[in-house]
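The structure appears below as structure tokens.
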Amino acid sequence: MAKGDKKAFNFLVGTVAFPLFLAIIGNSAAQLPSYFPAMNVWAKVISCAVGGAFMVAAFIIECIVLYKLAKSLLKDYEEKQTDIQAPPIETVTRFETIMDGERLVVKYGIKAELSFQDDNRTLKVFLTDRENKEAHA
């Protein structure tokens, strides 16, 4: 079963089938006194209490499943957001620094390395001559 199919199946079982099953049992238990008017008063009270408990359980399960579904969808969304990546830095051969719409630095034939520091508040770019770097390697 594919990942999306499994989520859909779990959603249907969790939000429809199982809570509906509990609600039917709860409703049936709550309706017992009307089917058997000669029931003892305490039996009627217990029957209604059991029916109510099943209905509450169905509601709680609905809430849990919907919470898990929302959490799963949010996780999928966040994963898709991080899938967007820049091309690999190894392919860079030209470096430009632009400030206020003007090119301040243009270097060709370079190898660039990036370093994030100070909790990602500082970006350092280390440039080396690609030809010299490859000659030393």
Unique match (being at pLDDT 70 or above and surrounded by 15 or more Cβ atoms within 10 Å (Cβ to Cβ)) among ALA57, ALA43: ALA57
Would a scan of region 79-91 turn up a residue that is closer than 30 Å to LYS6 by Cα, assigned to a helix (DSSP H, G or I), modelled with pLDDT of 80 or more and not acidic (Asp, Glu)? no
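Being in contact (Cβ under 8 Å) with a residue 12 or more places away in the chain and outside any strand (DSSP E or B) is the filter here; which residues of region 99-124 pass it?
Selection gives GLY109 alone.
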Could you check, for region 94-103, whether at least one of its residues is at pLDDT 70 or above, under 30 Å from LYS124 (Cα atoms) and among the polar types (S, T, N, Q)? yes
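The values are calculated or read from the model by the stated rules, or taken from the named source; none is laboratory data. Small disclaimer: the values here were computed from a predicted structure and weren't measured. Cβ coordinates were reconstructed from backbone atoms using ideal geometry, including for glycine residues, and neighbour counts include every protein chain displayed.
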